[in-house]
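Here's the structure, in structure tokens; my notes come after.
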Amino acid sequence: MKRFISLLLLLTLLAFSEALRTVRYTIETDKVTAPVRLVLLTDLHSCYYGEEQEQLIRAIRKAEPDFICLAGDIFDDKTAHQGTMDLLDGIADHYPCYYVTGNHEHWSDEVTILNALLVSYGVTVLAGDTSLLTFGEQTLTVSGIDDPTGFPEEGTPGTPDPDTWYGQLAM
């Protein structure tokens, strides 16, 4: 029984770990004519990875990205935003950055404020939008849609309104 409780405790700690995790993928396609490196950051929840985000920023620099995608829950609805601002201080002037909302940004009821903050750092906010990126002779399309949490059906908080949300997909 003692071993079972110890194992359960260990699994719980691992499940809720906020340790920095990097995973590298190589994707090959005939649609991309030259190597492109991107960093995808998601679910940071304004957490810190070293003082002033140095551990996270070091990992990003090591990856030598051509651009960075901030794919939701970069902010959190219960945590102060300073961790995200420290990250933006370290990356926004060095790499093109593109952002889409996550459910925690919507739960904070601060999406408009957070989007304005990101834009003030030079981050492109993609809310049903597309941007073209050119690297040498190659052009890539980067598109993004908001988290469906931001489109509640009338009278049903938190339930996506399919007409509004799917409308972003058609853009």
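The values are calculated or read from the model by the stated rules, or taken from the named source; none is laboratory data. Quantities reported herein were computed from a predicted structural model and do not represent experimental measurements. To get the accessible areas, we keep the full protein, side chains included, count just its heavy atoms, and leave off ligands, DNA and RNA. Shrake-Rupley method; radii C 1.70, N 1.55, O 1.52, S 1.80 Å.
Ranking Arg58, Arg37, Arg24 from most to least accessible surface, computed with a 1.4 Å probe over the protein chains only, gives Arg24, Arg58, Arg37. Annotation: His106 carries an accessible surface of approximately 30 Å², with a 1.4 Å probe and no ligand, DNA or RNA atoms counted.
To the nearest 10, the accessible area of Val23 is 70 Å² with a 1.4 Å probe.
The figure for Tyr95 is an accessible area of roughly 40 square angstrom, using a 1.4 Å probe on the protein chains alone.
Heavy-atom accessible area with a 1.4 Å probe sorts Asp89, Asp73, Asp30, Asp147, largest first, into Asp30, Asp89, Asp147, Asp73.
Order Phe135, Phe75 by their accessible area, 1.4 angstrom probe, all chains in place, largest first.
The ranking, largest first, comes out as Phe135, Phe75.
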